[in-house]
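Colleague: Mind looking over this structure? Questions follow.
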Amino acid sequence: MKGFYSFYKSDFKKVQQLVAQIPWGHNILIVSKSKTIEESVFYLTETLENNWSRSVLDMQIGTDLYSRQGKAITNFKNTLPSPDSDLANQTLKDPYLFDFLTIKKNADEKNIEDQLTKHITQFLLELGTGFAFIGRQYKLEVGDKDFYIDLLFYHTKLRCYVIVELKAKSFKPEYAGKLSFYLSVIDDKLKTESDNPTIGIILCQKKNKIEAEYALRGISQPIGIAEYQLSKAIPEDIKSNLPTIEDIERELAFTLKTNIENEE
């Protein structure tokens with residue numbers, strides 16, 4: 001708290017403008033939960049730019065957005081003009097937190113896609129402001145073959161299409177090559193003159209930083225690589241034994257029926 005107010009004295013105008021433009025409850029939340037001055041200013045700025053409600057702000061602080069934002073491995077500096085490259089870098093996170101999903105440990109890409117599209121609002125919130133969902137398993141016709149993109153978005157701030165490829169395993173260099181192919185096709189078939197180059201994101205469970213950097217070095221299209229984490233709140237062995245909504249509904253129906261019969 002002391003550090004925050006000492007920053008007020010050193011750069012009072014900047015912080016005063018930020019504080020004055022968001023509700024006081026947001027300011028209290030930021031000051032009470034931020035660990036550093038820089039983190040406080042980050043959440044003040046993001047709240048203003050994204051018009052976060054207090055509950056969304058609390059969620060973003062709780063998932064430590066400050067430490068995750070802009071941390072993905074990318075080749076944006078070499079493939080996008082400035083300041084587009086800086087904005088694109090800040091758009092990506094590492095890791096992405098899909099703690100709203102209830103997926104078993106050995107889930108494949110299809111299972112994860114199913115859950116993400118089922119919870120598309122929460123998925124878009126985690127991706128960040130500006131993402132508009134276009135489709136899942138988006139079909140591309142190339143020559144006499146069909147190819148399918150896992151998830152396709154359009155980013156309103158970056159003014160470009162964004163391809164998201166999900167991998168339920170560790171990163172492999174060949175993933176970047178395949179995504180590069182998809183980017184070329186989207187740029188040729190969907191991108192207009194007013195759009196910026198399509199960006200690709202590979203989301204995998206694990207990655208080796210050096211391996212990922214080498215994989216992107218010779219690629220001319222903008223690609224980012226980040227990890228994702230599924231919910232760890234409930235151990236898998238316990239989660240698998242929990243009743244489903246259908247189980248609960250059947251139990252309630254049975255109990256109600258039994259009570260009525262007993263009353264008769």
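Bear in mind these aren't lab numbers, they're just calculated from the coordinates by the rules spelled out. Please read all numbers here as calculations on a predicted model, not as lab measurements. Quick reminder, even Gly has a Cβ in these numbers, built from the backbone with ideal geometry, and neighbours come from all protein chains shown.
Colleague: Report the FRET efficiency, 1/(1 + (r/R0)^6), for Tyr148 and Ser82, where r is their Cβ-Cβ distance and R0 is 35 Å, rounded to 0.05.
Modeller: Taking R0 as 35 Å, the efficiency between Tyr148 and Ser82 is 0.55.
Colleague: Hey, rough spin-label estimate for Phe133 and Asn50, points 7 angstrom out along Cα→Cβ, what's it come to in nanometres?
Modeller: It works out to 1.7 nm between the two label points.
Colleague: Give the residue list of GluC sites (Glu not before Pro) in region 127-196 that are DSSP loop and have at most 16 other beta-carbon atoms within 10 angstrom.
Modeller: Sparse-neighbourhood loop GluC sites (Glu not before Pro): Glu193.
Colleague: When Asp84, Asp64 are ordered from fewest to most other Cβ atoms inside 10 Å of their Cβ, what list results?
Modeller: With the fewest neighbours first, Asp84, Asp64 line up as Asp64, Asp84.
Colleague: Would you mind computing, in nm to one decimal, how far apart the modelled labels at Lys110 and Asn208 are, each placed 7 Å from Cα along Cα→Cβ?
Modeller: In this crude label model, Lys110 to Asn208 measures out at 3.0 nm.
Colleague: Can you give me the Cα centroid spacing of region 116-167 and region 47-90 in angstrom?
Modeller: Region 116-167 and region 47-90 have Cα centres separated by 18 Å.
Colleague: Follow-up question, since we're still on this one. Applying 1/(1 + (r/R0)^6) with R0 = 41 Å to the Cβ-Cβ distance of Gln21 and Lys178, what FRET efficiency is obtained, to the nearest 0.05?
Modeller: For R0 = 41 Å, the calculated efficiency reads 0.40.
Colleague: Can you put Val142, Val162 in order, fewest other beta carbons within 10 Å first?
Modeller: With the fewest neighbours first, Val142, Val162 line up as Val142, Val162.
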